[in-house]
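What follows is a set of notes on a single structure, which appears directly below.
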Amino acid sequence: MSHNTIAINQQMTRFDGHTEIWLFGYGSLIYKADFAWLERRPASIRHWVRRFWQGSHDHRGTPDAPGRVVTLIEEPDAVCAGMAYLITPDTLAHLDVREKNGYLRFATELSLDDGRRVEGLVYIATAENAAFLGPASESAIARHIARSAGPSGPNSDYLLQLAHALRAMQAEDPHVFAIERELTGRRTRPAAPG
Ligand code: SIN
């Protein structure tokens with residue numbers, strides 16, 4: 001599958017006729033809402049974990065030197081915390097462009113922080129997309145992030161803003177926080193003498 005998913009996503013008919021749609025964000029969509037929304041609240045989805053396994057050619061890296069950004073990987077009974085936005089369908093055109101580097105729209109059940117369960121939409125980059133990088137150790141991921149940058153800025157800003165936003169929601173994410181520790185530890189470690 002090509003890493004540009006705009007055309008595939010525009011064929012999704014699941015929410016046709018809906019006047020409002022719940023969107024679940026788990027990466028930059030948590031901390032950067034550059035679109036109109038009607039309601040926004042912390043939420044979670046089940047059976048998925050957040051992983052820095054997706055290559056970024058267009059935001060935090062380039063086609064020649066992709067950065068690493070998050071996607072969701074299936075894991076039975078896992079819970080992934082994120083942010084839900086109630087949007088109108090016209091916002092999907094903007095989101096499809098923003099998430100075009102390998103992310104596909106999926107329908108999923110969201111648990112909102114007020115106890116409601118709703119059907120919503122989430123963008124996931126699966127292993128079939130050409131920009132998928134897959135697993136690596138948390139220290140290797142941190143090193144990769146430390147040296148990457150793209151049109152949206154340094155890859156490290158993506159990681160640090162995501163970690164900050166998760167902490168602000170009191171959300172646990174051992175994978176994200178371990179990579180953050182590796183990165184900030186690397187940054188603050190004093191240079192070797194000589
Ligand atoms: C998301 O935030 O929900 C998708 C991944 C990203 O744009 O960082």
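Where a number appears in this text, it was derived from the coordinates with a stated rule and is not lab data. Keep in mind the model is a prediction, meaning the values are calculated, not measured. No Cβ is skipped: glycine too gets one built from the backbone with ideal geometry, and neighbour counts run over all protein chains shown.
By DSSP, what percent of the beta bridges with both residues in the chain are antiparallel, rounded to the nearest 5? Please list the in-between numbers first.
Details: 35 of 38 bridges.
For the chain, the DSSP antiparallel bridge percentage is about 90.
Given points 7 Å out from each Cα along the Cα-Cβ axis, report the A168 to L86 separation in nanometres with one decimal.
2.2
With +1 assigned to the C-beta of every Lys and Arg and -1 to the C-beta of every Asp and Glu, and no other charges, what is the dipole magnitude of the chain about the Cα centre in debye, to the nearest 20?
700
Restricting to DSSP loop positions (anything but H, G, I, E, B) with no more than 16 other Cβ atoms inside 10 Å of their own Cβ, which trypsin sites (Lys or Arg not before Pro) remain in the range 25-74?
Filter output for the range 25-74: K32.
Would you tally the net charge around Y123, using a Cβ to Cβ cut-off of less than 13 Å, leaving Y123 out, and scoring K and R as +1, D and E as -1?
Summing Lys and Arg as +1 and Asp and Glu as -1 gives +2.
Give me the Kirkwood hydrodynamic radius of the chain in Å, from all C-alpha pairs, to one decimal place?
Kirkwood radius, the chain: 17.1 Å.
Once the piece of chain linking H94 and E128 is laid out straight, how much longer is it, given 0.36 nm per residue of separation minus the C-alpha distance between them?
Working it through step by step, the gained length comes to 9.9 nm.
Tell me, what is the FRET efficiency for T13 and D157 to the nearest 0.05, using R0 = 30 angstrom and their Cβ-Cβ distance as r?
0.25
With θ taken as phi - 60° and the coefficients 6.51, -1.76 and 1.60, list the Karplus ³J(HN,Hα) couplings across the range 165-177 in order, rounded to whole Hz; mark glycine and proline as x.
Going residue by residue, I get 5, 5, 5, 5, 8, 6, 9, 8, 8, x, 5, 5, 5 Hz, with x marking Gly and Pro.
At a temperature of 25 °C and a viscosity of 0.890 mPa s, determine how fast the range 44-85 diffuses translationally according to Stokes-Einstein, using the Kirkwood radius over alpha-carbon pairs as Rh; express D in µm²/s, rounded to the nearest whole number.
For these conditions, the coefficient is 217 µm²/s.
Roughly speaking, what is the centre-to-centre gap between the range 155-187 and the range 6-71 when only Cα atoms are used, to the nearest Å?
Each part reduced to its Cα centre gives a spacing of 18 Å.
With a Förster radius of 35 Å, plug the Cβ-Cβ distance of D77 and R147 into 1/(1 + (r/R0)^6) and report the FRET value to the nearest 0.05. Mind dumping the intermediate values first?
Numbers: r = 35 Å, r/R0 = 1.00.
The pair D77/R147 has a calculated efficiency of 0.50.
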